Each structure stands twice: as structure tokens, then as C-alpha cells.
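The values are calculated or read from the model by the stated rules, or taken from the named source; none is laboratory data. Quick caveat, the model's predicted, so the values are computed rather than measured. As a convention, Cβ positions derive from the backbone with ideal geometry for all residues, glycine included, and neighbour counts pool all protein chains shown. Accessible surface is based on the protein model in full, side chains and every heavy atom, while ligands, DNA and RNA are left aside. Shrake-Rupley method; radii C 1.70, N 1.55, O 1.52, S 1.80 Å.
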Amino acid sequence: MYNFIQKFHSGWAYLALLLLFVAVINSLMGYLSKKEFLPKDRKIALFALIAIHIQLVVGLILYFVSPLGKDSLGNMKDAALRLTSLEHPLINIIAIALITIGWSKHKKGTTSEAKFKPLSFLYAIGLLLILIRIPWSTWL
């Protein structure tokens, strides 16, 4: 069970990061070029939001069934263990909260610029936070 969830979490991350990257690029291009906010822009941002939330749920399940979680709480001096047991989950939850706030704020916008702005900036900050806390040595 643990191995399946771990593989799914790692594999789904590629799709979630790709969709989030596409959403950031799409919203930045729309914001900077002052394009009209179209239904396709909403769908791109929504698919990224859904994928990243699925990643969060699978990650939380993995965290609570992982044998590392129980052993690492008393051993925060080990950098690799601290990354996977504390920094990665905490920073990614913050990143996903920012992405969710970006989605919520875009819905309140009345102009295309007001819709693209929170999507581009908050999704980009969320993507950056996720990228800096991925345990690259164990993921690739």
C-alpha cells in the first residue's frame, strides 16, 4: 500500500507540475499582453488547481502511512529527513493555499486584467515554493 501511494504521489507530481506551469505561463501571457480572459483560461487554471489538490490529498495520505513520519519527528538534525517530514509538507501546504487564494480572487475579478493578475502571481509564487521544496535527490 505504501509503495503504491508513494509511486502515485511521485508520478502524479509530473502532471500536477506541468499543469501548474502551463497555468502560470498562460496567465502571465494573458496579464502582460492584456488579452481577454476566455473560458479556456479558466479551464487551464482550474485543471491546475484540481491536479495540485489531488497531489495534496495523496501527499497527506502518504505522510500518515509513511514509516518515515513516525521516525523523523525526534530527529530534525538530519537535513534529508527534515526535508521530507517537515519542510516539504509544510511549504507545499502553504503553496497550495496561495494557489487556492489565487483561484478564489480571480473569480471576483470583473475585468480580464483583474482575473489574470491573481492567477499569474499567486500561482507563480505557489509553483516557486513547490519547486524549492521538492526532495530532488529522492524524486528523480
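Tabulated data for the structure shown
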| item | result |
| --- | --- |
| Selected residue (criterion: surrounded by the most Cβ atoms within 10 Å (Cβ to Cβ)) from residues of the range 51-68 that are of a type outside the set (A, V, I, L, M) and either in contact with an Asp or Glu (Cβ under 7 Å, 6 or more places away or on another chain) or outside any loop (DSSP other than H, G, I, E, B) (or both) | 55 |
| Filter result (of a type in the set (A, V, I, L, M) and without any contact (Cβ under 8 Å) to a residue 40 or more places away in the chain) within the range 33-53 | 38, 44, 50, 51 |
| Enumeration of residues in the range 82-96 that are hydrophobic (A, V, I, L, M, F, W, C), open to solvent by less than 50 Å² (accessible area, probe 1.4 Å) and either under 26 Å from residue 41 (Cβ atoms) or touching a strand residue (DSSP E or B) at 6+ places or on another chain (Cβ under 6 Å) (or both) | 95, 96 |
| Cross-chain or 6+ apart pairs with Cβ under 7 Å, the range 15-27 first and among the charged types (D, E, K, R), then part of a helix (DSSP H, G or I) and buried (at least 20 other Cβ atoms within 10 Å of the Cβ) | none |
| Subset of the range 103-130 that is among the hydrophobic types (A, V, I, L, M, F, W, C) and either open to solvent by 70 Å² or more (accessible area, probe 1.4 Å) or in contact with a Ser or Thr (Cβ under 7 Å, 6 or more places away or on another chain) (or both) - its residue that is nearest to residue 6 (Cα to Cα) | 128 |
| Count of residues meeting criterion [within 18 Å of residue 40 (Cα to Cα) and part of a helix (DSSP H, G or I)] in the range 100-140 | 17 |
| Where residue 100 falls short, out of the listed (1) polar (S, T, N, Q); (2) open to solvent by 40 Å² or more (accessible area, probe 1.4 Å); (3) closer than 19 Å to residue 10 by Cβ | (3) |
| Number of the exception - residue 12 against (1) aromatic (Phe, Trp, Tyr); (2) touching a helix residue (DSSP H, G or I) at 6+ places or on another chain (Cβ under 6 Å); (3) open to solvent by 80 Å² or more (accessible area, probe 1.4 Å) | (3) |
